[in-house]
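Report on the following structure.
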Number of protein chains: 2
Amino acid sequence: MPSPAFAALADSAARIADLDAALGLMSWDQEVNLALGSGARRGRQMGTLAALRHRLLSTDLKPALDRAREAGPADAFEARNVAQLAHSLERALRLPDTFVHELTVATSHAQQAWEQAKRRSDFATFRPHLEQIVALKRREADYYGYAVHPYDALLDGYEPGGTAAQVRTLFERLLPPLRELLSWVRSRPQVDDARLRQRIDESRQWDYSLVVLQQLGYDFDRGRQDRSTHPFSISMGMDDVRITTHLQADDLQAMLYSTIHECGHALYEQGLDPAHYGLPAAEACSLSIHESQSRIWENNVGRGLPFLTSQWAALQGLYPDGLAGLTHRDVFRMVNRVEPSFIRIAADELTYHLHIVLRFELELALISGELAVADLPAAWNERFEQLVGLRVPDDAHGCLQDVHWSHGSLGYFPTYTLGSLYAAQLYATANVAVPDLESHLAAGNFGPLHQWLARNVYRHGRLYCSDEVCALATGEPLNPTRFTDYLSAKLRAVYAD
Amino acid sequence: MPSPAFAALADSAARIADLDAALGLMSWDQEVNLALGSGARRGRQMGTLAALRHRLLSTDLKPALDRAREAGPADAFEARNVAQLAHSLERALRLPDTFVHELTVATSHAQQAWEQAKRRSDFATFRPHLEQIVALKRREADYYGYAVHPYDALLDGYEPGGTAAQVRTLFERLLPPLRELLSWVRSRPQVDDARLRQRIDESRQWDYSLVVLQQLGYDFDRGRQDRSTHPFSISMGMDDVRITTHLQADDLQAMLYSTIHECGHALYEQGLDPAHYGLPAAEACSLSIHESQSRIWENNVGRGLPFLTSQWAALQGLYPDGLAGLTHRDVFRMVNRVEPSFIRIAADELTYHLHIVLRFELELALISGELAVADLPAAWNERFEQLVGLRVPDDAHGCLQDVHWSHGSLGYFPTYTLGSLYAAQLYATANVAVPDLESHLAAGNFGPLHQWLARNVYRHGRLYCSDEVCALATGEPLNPTRFTDYLSAKLRAVYAD
């Protein structure tokens, strides 16, 4: 039995979650359904809801939290929930109501502008929106306060406790082995994946995506898949967790791996405990742990031989030529092919992190004011060429490709790399802890891994920070060599012959 | 320039409209997208939003209204908006916060239960929900207060100023000519519409529905069409007005006329003035005037010879047999065929009103407590047979067919009949006022009628009551003989030969 003050706090937290669900639906709808002419007013409507939500934090959640603290927690579970709520609430209350409203309206408009700008590769029309967002995010960092760099204040919202300096150190440790691995790979005979780029009807791809989701354990009774420009997953509470995909007739691979990726996010959200809806106990830990859940399914599972064994018959059935003359080992090599390219979400597991380094550096420079938004395309293109070795042809393939900045999500990108690192570490542990894990995967039986993740990751909610969850699940905090070992072993197999 | 106090009032009203838009989207989503397992939590989330909205009425709108009243209106426009807002606000504030929350949760759950109950024709599973809703609506009537019948208090929410006694008198005046017309029609050789019941692919029907919407002037840049069990239209502000349709392969007619119907509602909402979003000046007048806008397009236009002339080539192209040997006059007779039947939304223009009389009588009895919910199916079936002359085979074809009661919309049904009456009166006036109206319609040029309605109906918003709008547009308040004259003339043409 929860204490009465804690029960009242849980009710109050659930009301905030209810408003988040409404805002989540409005945002989902904006990307999946909304007509262009409806965008401006929708932005203002979301601004009103966000402001109301923000006001409720001080008029409803804060008093309930204060009362729960006065009453004292009944047990360690209550204590941990209260402490986590207090931390995030204190942070949120540093933002004035008017600022929250302004930011919500600006990002909603920017999102519409970005969609059009990207379609036309027209940075000029997006520029004023991004300028406004960067200015707002700098103000936001000032409201939060920070010791060293304003970026720390923003990163903390996605990766509690994370700092720019830590990320920089991590990236400095990660870059040399990645670059070394990349030059070795580039010195080997290259892998050709042209056979995977055959035309497959979008409706057949769609049907296959639903089959894969079902196999992986996505619960269609508490969610749905739709199409959108940029695939995403979103939760309106654990009982309504939706994902989207993007279909292209000549790219089954893109559909398959983005579907598995979003499914990984959704399994995490659907796996949170409905009894604690609204409380930290039933919230995702952090963006990096969230990303570890998408990546463990997309990369460690989905790009592994066992998974491809499980899908081999389906894949042969889907391709017009039945992939005649190939084995699932050939497909394994193709889907793990390393090839420097322009688009982050289509990048391989190695060069992907070069894209992240680029964005991290540019975000740091934008937030510190060293880089003007007007100079972003040039700065992007120059540094991209240094890192990835390719010359960017246009902004749609450069600084306009991602939705994040139009969302106001500056400080978000590093969590993708952290997610890959956590994923490798979790997978290595699960592979020892779950008997015959890879035989199960090869047989299309994904339940044992799903259940291991539920027990070792999902059930902690955000009662612990990323590194604590990692340590609870794997016995040690983040250890990036788990990722470089994994990637190097895989690529040596791919590029061995 | 609006006075400052009025401008602040308009801002406050816009915030309420923003919350209404969020609730509207959640409700749209519930009928179009939501997975079954998500329904319970969605209900609670909507309850939270509705309660917040209700609280905002007293904490935000009421003070703004009081200040605007103190400051005094700058002109007649401000005065009228303030008066209308005051009337609806006073009514809304009679409901306690907790009641609003309870009703929203109950109707959201009931909506889910009704969908399942209707599918299985299983009244027993819906019964407890309806019992709860009837009890809540009786409490609601008590909160509002009433002079004669609790039904008056509910009807007033849909038809301001309307009373059960007025509706009863109107129906007593309407029933004899309708019954007389019906027996004359039944004495004539019957019209066979089997030729219209050929199988047409749902995707071709869908495409045709989009063409018709475009022709009628529906703005796809500020809305969209989807599929749902029960067709409906919903506005999230004039910039996002959505409609749904329901497709059946062997019933193009049902699709076509429900699409035109919902389009009529949507043209009205899209035609409200965006400059006054949230104010009575930019809200629909009443449900009966709303319904007049759907019915004028569905029946007076859509079932008329000129419209069928405009669609004749398209219809021939759609039907597998090209409607060979028929003329558009034959189709005119078929789509105006009178045939007593079970389902209200599929009923012809004559017997439709017998369905409404039935629901009105049953609602009166439920609300007064004379009829227990448990006895509803039997009462429905008995009275239906007296009125329509058919024996109801199961509850899916009887008391489970409509979504209204699960929505808590008791008192709503009479507005459908009022809508038909207003539509006939408006059409008769437009036909005189707009030069060559029917030649335009026959040429597929629907703009002149759309513009006449915009000038004579849409632009009044809800600054006037139904009868005032009717009088402004047609020169006289509601005159039911316009409808009986119209229907009798049409049916005499249909059943003449």
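The values are calculated or read from the model by the stated rules, or taken from the named source; none is laboratory data. Bear in mind that the values here come from a model prediction, so they are computed numbers and not experimental data. Cβ: placed from backbone, ideal geometry, glycine included. Neighbour counts: every protein chain shown. Side chains are part of the model used for accessible areas, which takes the heavy atoms of the whole protein and leaves out ligands, DNA and RNA. Shrake-Rupley method; radii C 1.70, N 1.55, O 1.52, S 1.80 Å.
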Inset, instruction - May I ask for the percentage of alpha-carbon pairs in region B:188-308 that lie more than 22 Å from each other? - result: 37 percent
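Please label the shape of region A:31-178 as rounded, prolate or oblate, based on the square roots a ≥ b ≥ c of the eigenvalues of the alpha-carbon gyration tensor (a/c under 1.5 means rounded; beyond that, a/b larger than b/c means prolate, else oblate).
Numbers: a/c = 2.32, a/b = 1.27, b/c = 1.83.
Oblate is the answer for region A:31-178, as a/c is 1.5 or above yet b/c matches or exceeds a/b.
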Inset, instruction - Nearest 100 Å² is fine: how much accessible area is buried between B and A, summed over both sides, with a 1.4 Å probe? - result: 2800 Å²
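Given a Förster distance of 51 Å, report the FRET efficiency between residue A:343 and residue B:211 from their Cβ-Cβ distance, rounded to the nearest 0.05. Let's see the in-between values first.
Details: r = 37 Å, r/R0 = 0.72.
The formula returns an efficiency of 0.85 here.
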Legend entry - Vicinal HN-Hα couplings computed from phi for region A:338-351 (Karplus, 6.51 cos²θ - 1.76 cosθ + 1.60; Hz; Gly/Pro x): 9, 7, x, 8, 8, 9, 3, 6, 9, 6, 6, 5, 8, 5
Legend entry - Label point 7 Å beyond Cα of residue A:327 along Cβ direction - residues of region A:421-459 with amide nitrogen under 20 Å: A:438-444
Inset, instruction - Taking 50 Å² as the minimum loss, tell me which residues in region A:22-40 lose that much accessible area going from the chain by itself to the full protein complex (1.4 Å probe). - result: A:25, A:33, A:37
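Could you do me a favour and compute the accessible area per residue for region A:202-289, 1.4 Å probe, result in Å²? Before the final figure, lay out the partial values.
Numbers: 2570 Å² over 88 residues.
That works out to 29 Å² per residue.
Rounding to the nearest 20 debye, state how big the charge dipole of region B:135-223 is about its Cα centre with +1 on each Lys and Arg Cβ and -1 on each Asp and Glu Cβ. Don't skip to the end; give the middle numbers.
Numbers: 13 positive and 14 negative charges, 95 e Å.
Roughly 460 debye, rounded to the nearest 20.
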Legend entry - Derived scalar couplings ³J(HN,Hα) [region A:276-288; Karplus, 6.51 cos²θ - 1.76 cosθ + 1.60; whole Hz; x for Gly, Pro]: 10, 2, x, 8, x, 4, 10, 10, 5, 4, 6, 5, 5
Inset, instruction - Note the count of lysine pairs whose C-alpha atoms are less than 30 angstrom apart in the protein assembly as shown, limited to pairs 8 or more residues apart or on different chains. - result: 5
Legend entry - Per-residue HN-Hα couplings for region B:15-22 [Karplus 6.51, -1.76, 1.60; θ = phi - 60°; Hz; x = Gly/Pro]: 5, 4, 4, 5, 5, 4, 5, 4
Legend entry - Overall Cα dimensions of chain A, principal axis frame, Å, largest first: 69, 53, 44
Inset, instruction - Would you mind pulling out the separation of the Cα centroids of region A:363-395 and region B:449-482, in Å? - result: 60 Å
Legend entry - region B:39-80-region B:110-186 distance, computed between alpha-carbon centres (Å): 27 Å
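Solvent-accessible area per residue for region A:21-155 at a 1.4 Å probe radius, Å²?
Per residue, region A:21-155 has 40 Å² of solvent-accessible surface.
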Legend entry - Surface/4 estimate of mean projected area, convex hull on alpha-carbon atoms of the protein assembly as shown, nm²: 43.4 nm²
Inset, instruction - Within region A:332-367, which residues have the backbone N less than 16 Å from the label spot 7 Å out from residue A:193 along Cα→beta-carbon, could you tell me? - result: A:332-355
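Per residue, how large is the accessible surface of region A:365-497? Use a 1.4 angstrom probe and give square angstrom.
On the way: 4990 Å² over 133 residues.
Value returned for region A:365-497: 38 Å² of accessible area per residue.
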Inset, instruction - Please name which of B:345, B:327, A:384 has its Cα lying farthest along the dipole of the protein assembly as shown towards the positive end, using unit charges on Cβ (Lys, Arg +1; Asp, Glu -1) and the Cα centre as origin. - result: B:327
Legend entry - Amide H contacts under 5 Å for residue A:227, placed H, 5+ residues apart: A:245
Legend entry - Using a Förster distance of 60 Å, the FRET efficiency for residue A:230-residue B:146 (Cβ separation, nearest 0.05): 0.65
Inset, instruction - Residues in region B:264-284, backbone N under 17 Å from the label point at residue B:90 (7 Å along the Cα-to-beta-carbon vector): list them, ranges by number please. - result: B:280
Inset, instruction - Considering the options B:220, B:196, B:237, tell which one lies farthest towards the positive end of the dipole of region B:191-241, charges being +1 on Lys and Arg and -1 on Asp and Glu at the Cβ, about the Cα centre. - result: B:196
Inset, instruction - Determine the share of the protein assembly as shown's accessible area contributed by carbon and sulfur atoms, expressed in whole percent, with a 1.4 angstrom probe. - result: 52 percent
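Mind putting a number on the dipole of chain A about its Cα centre? Charges go on the C-beta only, +1 for Lys and Arg and -1 for Asp and Glu, and I need it in Debye to the nearest 20. If you can, show how the numbers build up before the last one.
Working: 47 positive and 62 negative charges, 69 e Å.
So the magnitude is around 340 debye.
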Legend entry - Residue (of B:432, B:272, B:415) at the positive-pole extreme of chain B, dipole from beta-carbon charges: B:415
Legend entry - With all protein chains modelled, accessible area of residue A:468 [1.4 Å, Å²]: 80 Å²
Inset, instruction - Using a/c under 1.5 as the rounded threshold, could you call region B:256-378 rounded, prolate or oblate? The axes a ≥ b ≥ c are square roots of the C-alpha gyration tensor eigenvalues, and prolate needs a/b larger than b/c, oblate otherwise. - result: oblate
